[in-house]
Each structure stands twice: as C-alpha cells, then as structure tokens.
1. Quick one: what do you get for region 8-70 if you divide its Cα Rg by 2.2 N^0.38 Å?
2. Got the relative contact order for region 47-134 handy, in percent, Cα pairs under 8 Å and 6 or more residues apart?
3. Given Cβ point charges of +1 (Lys, Arg) and -1 (Asp, Glu) and nothing else, what value in debye, to the nearest 20, does the dipole of the chain about its Cα centre take?
4. Quick check: convex hull over the Cα atoms of the chain, volume per residue in Å³, rounded to an integer?
5. Quickly rank 52-65, 14-27, 80-93 as a protection proxy: mean count of other C-beta atoms within 10 Å, highest first.
Amino acid sequence: YKLFTADVTPETVDWAAGMMLGELNVNAIIAQIVPGAGGIIVRGIAVAGERQVERVEVSADGTHWLQAELLDPPSRYGWRRWQARIALEPGEYEIMARAWDSAAATQPERLESVWNFKGYMNNAWHRVKVAVTG
C-alpha cells in the first residue's frame, strides 16, 4: 500500500513515487447513534496504531466538545470502544468525533487535508448527520 498526494489521480499515478504505508493514524469513528430523551447517545471505536487512544471527543456543532467515556483499557494496537451522551433540542445536526493518542496526535478537521485517490490514511473527523425528534 502506498500513499500519494492529493493531486495524483489513477491516470497520473507513478507507483514508484508513492510513500509506503506503515503505522496507522489515530482515528475515531461513530458506529451507532441511539435516540434518547432530551438527546442522543453516540457510540464508536477508536484506534491509534502503535500508540494508545487517550481521549475521544464528540460535538454537534464543531465548537463545543464533550469528552467521551472510554469503555476499554488502553492498549497498543487495540481498539477502544467509547460512548457519549449529548443533550440536544429537536433539529438536524452533524455529529462529529475526534480522538487523541498517547503522543498527543489528533485527527485533522477536514477530509481535504488528507485526501488521496486511494482513500488511504483518511482520519479526518468522522461526521454523521442526524435528526433529533421531540
């Protein structure tokens, strides 16, 4: 597996010029959103490659972040399940998740900053649109 810059396309790729992939980036994903009274419960998993997942945060607006509860003990190379309850009024939201590893590395905000035509190493904030009803 090789990583290429954003300007490389399948038609212009020089396979010898790609960077070999090794260690995984820190990444949190949203796996489930459960509606509840007065808000939602967001559940997911995070991984940090050779490091440990130290923190996961969730947001409904990209400005105010809540620290999620980590459900598994820290370990290198292992997943950590997490969950967070977000109090929300009825409406439409974009729920976001981001993680930090034991070296204080975190995820980039936007996909554009890590985009490549193969999709490898995409660890931008995970986003899921949700409608909260009353």
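1. Its radius of gyration relative to the 2.2 N^0.38 Å reference: 1.65.
2. Relative contact order for region 47-134 comes out at 30 percent.
3. My answer is approximately 380 debye.
4. 111
5. Going by the mean number of other Cβ atoms within 10 Å, highest first, we get 52-65, 80-93, 14-27.
Each reported figure results from applying straightforward, stated rules to the coordinates on display, with no laboratory input. Bear in mind that the values here come from a model prediction, so they are computed numbers and not experimental data. Glycine gets a Cβ as well: all are built from the backbone with ideal geometry, and neighbour counts include every protein chain shown.
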